[in-house]
Amino acid sequence: MKRLKLLLALGSLLFIVVLLIPTLLVIPFHEKTSGSLIEALQPKPSIQPKQAGPDVEVAVYRSKEKRIEHIPLEQYVIGVVAAEMPADFELEALKAQALTARTYIVKQMLSDQPIELPKGANVTDTVMHQVYYSDEELRKQWGSDYDWKMKRIVKAVQETQGQIITYNNAPIEAAFFSTSNGFTENSEAYWQNDFPYLKSVASPWDKQSPKFYHQTAMSVAEFEQRLGVKLPNDGSVGVIVSRTPGKRVAVVDISGKQLTGREIREKLGLKSTDFTWVRKGEEIVITTKGYGHGVGMSQYGANFLAKQGKTCKDIVRYYYRGVNVSSATAFLNRLTAKR
């Protein structure tokens with residue numbers, strides 16, 4: 001009798017195990033498959049902002065490929081901000097850069113005065129206008145940092161979408177540069193044009209920039225050849241005749257020849273027009289303060305202001321005097337009407 005009961009118990013247990021095995025086998029695979037399907041179906045964040053207002057494209061001359069590429073306006077702004085400002089800068093600084101980039105291209109397209117451009121192009125992708133990188137170029141350049149950097153750039157562009165900087169209800173010349181010498185520069189002190197909103201302002205935060213100081217050296221012979229001068233035998237180099245409102249070198253007299261600070265900067269390849277130099281034997285050692293022409297918005301200054309809690313509007317209104325941040329729609333409508 002006991003033997004019979006034992007056999008019945010074993011039979012019942014075997015029956016239960018047979019029923020459970022398929023379920024036990026399916027559950028883990030079902031969960032794993034389900035998990036992977038859910039992950040695959042999750043929408044990925046888009047890096048393409050929707051075009052705000054009229055559908056406008058920028059005709060960009062791609063200098064390396066020597067061809068013209070038509071790029072949606074907001075996508076173009078992304079490529080400019082990514083190329084012109086470090087992605088790890090404060091968001092409000094990136095937004096200020098987005099405003100300048102959009103303003104620059106809208107004004108450039110409205111002016112319809114292409115300088116040294118192939119027919120049909122609005123801008124180049126170089127420093128002649130604004131540097132622009134495509135998504136493919138950014139992926140190669142940023143590598144594993146692409147995702148987080150692109151998200152920051154896109155956020156800055158999206159949060160300023162459809163906005164430009166104006167003065168007297170017109171887009172401004174949205175000049176910008178890397179680092180000041182402690183002051184920005186009057187536009188007429190570097191270029192010939194006098195713009196009321198491009199006036200010198202203090203930017204003391206720039207002293208914290210890694211690009212604030214730079215030193216270079218060259219032989220006396222190279223110095224003389226580049227500037228077309230002959231240095232005196234007494235060891236002197238030249239005399240600063242005048243300075244600009246932005247505390248940069250305006251004019252230097254070298255052995256009776258007068259040169260502007262801009263001429264010297266360009267001929268010697270200096271970072272700034274705020275320079276000093278000293279002759280050491282047969283070598284000239286040159287020290288510069290700041291990086292760039294100094295007109296308009298300082299990028300490192302913008303970043304330090306953003307760290308202080310200033311908004312993108314605060315930043316652009318500080319560096320461009322008397323301006324407003326306005327809707328670009330009316331100007332974009334004019335561009336579409338010109339087609």
Expected single match for modelled with pLDDT under 95, of a type in the set (D, E) and out of contact with any strand residue (DSSP E or B) (no Cβ under 7 Å at 6 or more places or on another chain) among E65, E74 is E65
The condition of being in contact (Cβ under 8 Å) with a residue 12 or more places away in the chain and under 13 Å from the mean Cα position of the chain (by Cα) holds, among V106, V123, V131, V127, only for V131
Within segment 52-62, of all residues that are touching a Leu at 6+ places or on another chain (Cβ under 8 Å) and over 26 Å from M128 (Cα atoms), the one modelled with the lowest pLDDT is G53
Q. Is it true that some residue in segment 306-325 is among the acidic types (D, E), out of contact with any His (no Cβ under 6 Å at 6 or more places or on another chain), within 26 Å of A170 (Cα to Cα) and surrounded by fewer than 22 Cβ atoms within 10 Å (Cβ to Cβ)?
A. yes
Exactly one of A82, A93 is buried (at least 19 other Cβ atoms within 10 Å of the Cβ) and under 17 Å from Y319 (Cβ atoms), and that residue is A93
Counting only helices (runs of 4 or more DSSP H) entirely within segment 135-208, those with at least 2 residues that are touching a strand residue (DSSP E or B) at 6+ places or on another chain (Cβ under 9 Å) and not assigned by TED's automatic domain parsing to the domain that holds R62 are 187-190
Here, strands (runs of 3 or more DSSP E) confined to segment 275-339 with at least 2 residues that are under 21 Å from S187 (Cβ atoms) and not charged (D, E, K, R) are 324-327
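Conditions tested, residue by residue: (1) modelled with pLDDT of 95 or more; (2) basic (K, R); (3) surrounded by 13 or more Cβ atoms within 10 Å (Cβ to Cβ).
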residue: S200; (1), (2), (3): yes, no, yes
residue: S203; (1), (2), (3): yes, no, yes
residue: D206; (1), (2), (3): yes, no, yes
residue: P210; (1), (2), (3): yes, no, no
residue: L231; (1), (2), (3): no, no, yes
residue: G238; (1), (2), (3): no, no, yes
residue: V249; (1), (2), (3): yes, no, yes
residue: E282; (1), (2), (3): no, no, no
residue: M297; (1), (2), (3): yes, no, yes
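The values are calculated or read from the model by the stated rules, or taken from the named source; none is laboratory data. Small disclaimer: the values here were computed from a predicted structure and weren't measured. FYI the Cβ positions are ideal-geometry reconstructions off the backbone, even for glycines, and counts take in every protein chain you see.
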